[in-house]
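**Student:** Here it is, the structure in full.
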Amino acid sequence: MSRHLRVLRNSGLVLAEPVDDDARIRMYRLRPEPLVALQAWLDQVHAFWGEQLGSFKAHAERTRGRKRA
């Protein structure tokens, strides 16, 4: 588990805070800033693919009844 926490800490996704009572214990907290940026990117990807798939669906529905010559 410590390897995973180290990767998260090095990537800036979590902050480690020492506990005053015991030097062996660290409290980990998520940093919201990187997650907000990720959510913004996911929203853009979702909007793009939603538009693309909506256009494809409309095209498929328009051409469904047509027969090939």
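**Student:** Could you please let me know if residue 60 is of a type outside the set (D, E, K, R), exposed (fewer than 10 other Cβ atoms within 10 Å of the Cβ) and either assigned to a helix (DSSP H, G or I) or in contact (Cβ under 8 Å) with a residue 60 or more places away in the chain (or both)?
**Tutor:** Answer is yes for this residue.
**Student:** Answer yes or no as to whether residue 29 is in contact with an Asp or Glu (Cβ under 9 Å, 6 or more places away or on another chain) and either exposed (fewer than 11 other Cβ atoms within 10 Å of the Cβ) or polar (S, T, N, Q) (or both).
**Tutor:** Judged against the criteria, residue 29 is a match.
**Student:** So if I check each of 16, 37, 23, which one is in a helix (DSSP H, G or I) and either surrounded by 10 or more Cβ atoms within 10 Å (Cβ to Cβ) or at pLDDT below 95 (or both)?
**Tutor:** 37
**Student:** For residue 42, all conditions in the list (1) more than 23 Å from residue 2 (Cβ to Cβ); (2) part of a strand (DSSP E or B) hold save one; what is the number of the exception?
**Tutor:** Going through (1) more than 23 Å from residue 2 (Cβ to Cβ); (2) part of a strand (DSSP E or B) one by one, residue 42 breaks only (2).
**Student:** Let me ask something else about it. Among the residues of region 1-13, which ones are in a helix (DSSP H, G or I) and more than 24 Å from residue 39 (Cβ to Cβ)?
**Tutor:** Matches in region 1-13: 2, 3, 6.
The values are calculated or read from the model by the stated rules, or taken from the named source; none is laboratory data. All of these numbers come straight from a predicted model, not from anything done at the bench. Positions of Cβ are generated from backbone atoms using ideal geometry, with glycine treated the same way; all protein chains shown enter the neighbour counts.
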